[in-house]
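The values are calculated or read from the model by the stated rules, or taken from the named source; none is laboratory data. Predicted model only: the values in this text are computed from it and were never measured. No Cβ is skipped: glycine too gets one built from the backbone with ideal geometry, and neighbour counts run over all protein chains shown.
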């Protein structure tokens, strides 16, 4: 046979080069998922934007950055670039709607937060998207809820703060991130549980949980109800004092802080934050499969586990089907809670 007939055409060699240059593991996973880019490059072949719908320093932003730092190595392309974009406004609705309307190609995803993904569509009919109008890729973690004051505040217990609110209704401010967020709704739940009017404290809104904490530290607000992940730094540094944590048992990170039951406000334990990863509607099955595998792998990724726990969150990885069921339960919970509190 002539030598010329044994050679691959130059065009075929060039097309095959990217796949041949891929590590064997990457080629195998790309083949399993079927997610490839130009020249057979495995997904994602270009940077993926993870949209955090709240400002830098808040729970959504922190979770998004931890995810971006650790999840890429578990995708078909282990050299994947994940970039966090903060798109804030309207209690998280701006960034959430942005992803809901994004092209379903796996390049734009949402770090879904309880406020914008569950509370807002459950309580406000003006929300421009439904809670179920997303491709749900997985739950990441849960955040315990704490009520805290500045370390030099005169109230050393929750009972003392409640007494001050009762004696001077409307005189104390609390920092929030909007009327349909966990920062606001948790405080209203506290008011209801202790027999206070729902306007016992004056809400001062900020763009994200980090800014809300900074407002308390700066004296613009006297107290806050927030996720532990937003407050753990200030609590550990002695700048904030936690008065109660909405968990069944005391947290190892806050052994001196009473639980909701110990503080005689057991209904506060209903309030908890969480982070999840969503995509636009109709994401291709191959993209869903790639992220399902990647998120499952985080369960044994000591870097992601340690970073998540370090900021006060509790890892809780759920697959797409379980995540949809979880979010449905959360929507029902907050719809009923808002009805009982007279907020809808």
Tell me, please, whether a residue that is modelled with pLDDT under 95 and under 27 Å from residue 110 (Cβ atoms) can be found in segment 239-246.
yes
Would you confirm, using the coordinates I've provided, whether residue 56 is assigned by TED's automatic domain parsing to the domain that holds residue 277, assigned to a loop (DSSP other than H, G, I, E, B), touching a strand residue (DSSP E or B) at 6+ places or on another chain (Cβ under 6 Å) and under 17 Å from residue 96 (Cα atoms)?
yes
Does segment 277-296 contain at least one residue that is at pLDDT 90 or above and closer than 23 Å to residue 194 by Cβ?
no
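Any residue in segment 155-165 that is under 30 Å from residue 298 (Cβ atoms), outside the structural domain of residue 278 (by TED's automatic domain parsing) and either outside any loop (DSSP other than H, G, I, E, B) or at pLDDT 95 or above (or both)?
No: zero hits.
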Of the residues that make up segment 117-127, is at least one modelled with pLDDT of 95 or more, touching a helix residue (DSSP H, G or I) at 6+ places or on another chain (Cβ under 7 Å), in a strand (DSSP E or B) and not assigned by TED's automatic domain parsing to the domain that holds residue 243?
no
Looking at 79, 69, which one is over 26 Å from residue 206 (Cα atoms), outside any strand (DSSP E or B) and within 16 Å of the chain's Cα centre (by Cα)?
69
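For (1) in contact (Cβ under 8 Å) with a residue 60 or more places away in the chain; (2) surrounded by fewer than 24 Cβ atoms within 10 Å (Cβ to Cβ), each residue gets a yes or a no:
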position: 176; (1), (2): no, no
position: 199; (1), (2): no, yes
position: 211; (1), (2): yes, yes
position: 217; (1), (2): yes, yes
position: 226; (1), (2): yes, no
position: 235; (1), (2): yes, yes
position: 244; (1), (2): yes, no
position: 251; (1), (2): yes, yes
position: 258; (1), (2): yes, yes
For the structure I just gave you, tell me whether residue 263 is crowded, with 22+ Cβ neighbours inside 10 Å, in contact with a strand residue (DSSP E or B) (Cβ under 9 Å, 6 or more places away or on another chain) and in contact (Cβ under 8 Å) with a residue 40 or more places away in the chain.
yes
Among the residues of segment 162-173, is there at least one that is crowded, with 24+ Cβ neighbours inside 10 Å and touching a residue at least 40 places away in the same chain (Cβ under 8 Å)?
no
Across segment 137-189, the tally of residues that are closer than 26 Å to residue 89 by Cβ and out of contact with any strand residue (DSSP E or B) (no Cβ under 6 Å at 6 or more places or on another chain) stands at 8
Residues located in segment 236-257, provided they are in contact with a helix residue (DSSP H, G or I) (Cβ under 8 Å, 6 or more places away or on another chain) and closer than 11 Å to residue 146 by Cβ:
240, 241, 242, 243, 244, 245, 246, 247, 251, 253, 254
Does residue 92 fit the bill of being in contact with a strand residue (DSSP E or B) (Cβ under 7 Å, 6 or more places away or on another chain), assigned by TED's automatic domain parsing to the domain that holds residue 258 and either within 19 Å of residue 50 (Cβ to Cβ) or at pLDDT below 95 (or both)?
no
